[in-house]
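Each remark here refers to the structure printed beneath this line.
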Amino acid sequence: MKIVTTLSDLRADRQLLSGSVGFVPTMGFLHSGHISLVEAAKNECAGVVASIFVNPTQFGPNEDLANYPRDLPHDLALLETAGVDLVWTPTVEVMYPTGFQTWVQVEKLTQRLEGEVRPGHFRGVTTVVAKLFNAVGPDRAYFGQKDAQQAAVVRRMTRDLDFPVEIVVCPTLREPDGLAMSSRNTYLNSEQRRAATILFRALSAAKSAYDSGERGAEKLRELVSAAVAAEPLAKLQYVSCSDYDSLEELVSVSGKAMISMAVFMGKTRLIDNFVIGG
Ligand code: PAF
């Protein structure tokens, strides 16, 4: 596995990969969820490139950039074992050289849900993903369903800017008790970790109502809110029942839809979603 930092080294080593290339962009502190993206890429592509870059422009002023967990040696060992060919670990100076002032922004899709409570977040995501796509030139790029809005926004950007990249969205990986895998889970103390299963339990309550025939979006949202209200350590930030692609809030569920939520466990913010219908 080759590890490179500069853009010129990345381009030179990318040229050496023949056949289709799968790309897994990450912010490091990797877990099995990331490795499942690498495995999907390995199954479908001749070569696999991964990036590790904690992107400062997608963190808000009150978010956890300085304390974002990092463990590069562990990440590289995991990627090597998973069979990645090339890893790019650019520095902030490589990605955002002095004078940087060009941004990529998807407009409507980013104004709701995560975008509403994290202003500027998706502008940072789409800018860095566009730069990563330009540098790596992948045929396919792999994202997790857990960050469902990110996947929808990246799909839109890819179509709108004609990137010749297929966006592949892979299922959320969960701990045995249902908690979605996330680097942020490491911030939880043991009480919060126990209580954090509320996201999975609340979404499961709404999903079983849907499976039993409930189609009212407000009713599904209420089921999630009521479940979270019963967990004293959890504070619901938002719950949504939206169209899968447009992310427009629904009145009733008829096609592919998504129930999504954000919850604070103390200072740690967790998100999760279930896809229904379609
Ligand atoms: O999902 C992430 O880890 C990040 O948002 C991404 C796509 C690597 C961009 O920084």
request  = For region 29-43, state whether one or more residues are polar (S, T, N, Q), in contact (Cβ under 8 Å) with a residue 24 or more places away in the chain and assigned to a helix (DSSP H, G or I).
outcome  = yes
inquiry  = Please verify whether THR81 is without any contact (Cβ under 8 Å) to a residue 12 or more places away in the chain and either open to solvent by less than 40 Å² (accessible area, probe 1.4 Å) or part of a helix (DSSP H, G or I) (or both), treating the condition exactly as stated.
reply    = yes
key: Unique match (being in contact with a helix residue (DSSP H, G or I) (Cβ under 6 Å, 6 or more places away or on another chain) and closer than 25 Å to GLY33 by Cα) among HIS74, HIS121   = HIS121
query = Somewhere in region 107-117, is a residue within 15 Å of the ligand (Cβ to nearest atom), under 19 Å from VAL54 (Cβ atoms), open to solvent by less than 60 Å² (accessible area, probe 1.4 Å) and within 17 Å of the chain's Cα centre (by Cα)?
reply = yes
query = Is region 127-134 home to any residue that is outside any loop (DSSP other than H, G, I, E, B), within 16 Å of the ligand (Cβ to nearest atom), among the aromatic types (Phe, Trp, Tyr) and over 15 Å from the mean Cα position of the chain (by Cα)?
reply = yes
request  = Mind counting the residues in region 135-147 that are within 14 Å of the chain's Cα centre (by Cα) and either in a helix (DSSP H, G or I) or free of Cβ contacts under 8 Å to residues at least 40 places away in the same chain (or both)?
outcome  = 3
task = State whether one or more residues within region 175-195 are in a strand (DSSP E or B) and out of contact with any Pro (no Cβ under 8 Å at 6 or more places or on another chain).
result = yes
task = Evaluate region 148-158: report whether one residue or more is buried (at least 17 other Cβ atoms within 10 Å of the Cβ), in a loop (DSSP other than H, G, I, E, B) and touching a residue at least 24 places away in the same chain (Cβ under 8 Å).
result = no
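The values are calculated or read from the model by the stated rules, or taken from the named source; none is laboratory data. All values reported here derive from a predicted model rather than from experimental measurement. Neighbour counts are summed over all protein chains in view; Cβ atoms, including those assigned to glycine, are modelled from backbone coordinates with ideal geometry. Just so you know, the surface numbers come from the protein's heavy atoms only, side chains and all, with ligands and any DNA or RNA stripped out. Shrake-Rupley method; radii C 1.70, N 1.55, O 1.52, S 1.80 Å.
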